[in-house]
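Report on one structure; see the data block that follows.
Coordinate-derived values only; no laboratory data. Just so you know, these numbers come straight off a predicted model, no measurement behind them. Quick reminder, even Gly has a Cβ in these numbers, built from the backbone with ideal geometry, and neighbours come from all protein chains shown.
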Amino acid sequence: MNFLRKLRKHWPEIGLVILFLGLGANWYFLKPKPKETKVETKNEAVTVQEEKKPEPPAEPVIPPAKTLSVPYTVQAPLVDWNVHEESCEEAAALMYYYFLIGSKVDIIPTQTADSEMRAMKAWQVKNWGREPDLNLTQLGEFMKAYYGYHFKVTNGITAEIIKKEVAAGNPVLVPVITHALGNPHYGRSPSYHILVIKGYDANGVVTNDAGVKEGRNYYYTWATLWRAIDAQTPQLHQGRDLLVVTK
């Protein structure tokens, strides 16, 4: 009872306290809450640059006709066929050599050509024991040993392959049988022969044919060329192959 009397005595103060607590609670719970700000992250477009693969080199354009300037020699420049009857490989190698050194002569001086080919024949006898008929690979090996050149033999050739090599600046050596060429300047006996192709057009090839003195710039049709190449296969067992030589 005493407690209640004391409490009534302070009722006005208690009332004020309750009033202030109520107002404070009301303000706390009813005050406007801050708006939530939603941050939207935009998906930025990321451009990934794919690494471009290098374009393959374009195939060189093959002109419809082309002829290289390859100096010429007949294989018996001093008309000594007893010595040079089998010198077609040496003549082809010599013409190729003059081409690669950039000689501007049209015809290799006869005495020089004769001496050069005799030296090649002597080298073969000294190093190989004889002067054999050389297939394309053997001729390439000879030019590598004798001149220090590189060589490439390509099998199963076509007209397009020959054109591509000549267009790239490479004379082409092919194996043939002489009389299959149908060249009226050849004698009676057919023989194995190396032909230098230095040009072409749609109908055939331009050659340096060392087997006859009229052989500079001698022209053979494609059909004649294939016939002459195929004719040597039974003897030398080479197909439609070519030899290219580089420094």
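I'd like to compare 90-103, 184-197, 124-137: which one has the highest average count of other Cβ atoms within 10 Å, and what's the full order after that?
Top of the packing list down: 90-103, 184-197, 124-137.
Please compute the modelled spin-label separation between Gln138 and Arg188, points set 7 Å along Cα→Cβ, answer in nm with one decimal.
For the pair Arg188/Gln138, the computed spacing is 2.7 nm.
Contour minus end-to-end for Lys52 and His237, with contour as 0.36 nm per residue of separation and end-to-end as the Cα-Cα distance?
Numbers: separation 185, 0.36 × 185 = 66.60 nm, distance 4.75 nm.
Working it through step by step, the gained length comes to 61.8 nm.
Over region 92-247, how many pairs of lysines fall under 21 Å by alpha carbon, counting only those 8 or more apart in sequence or from different chains?
19
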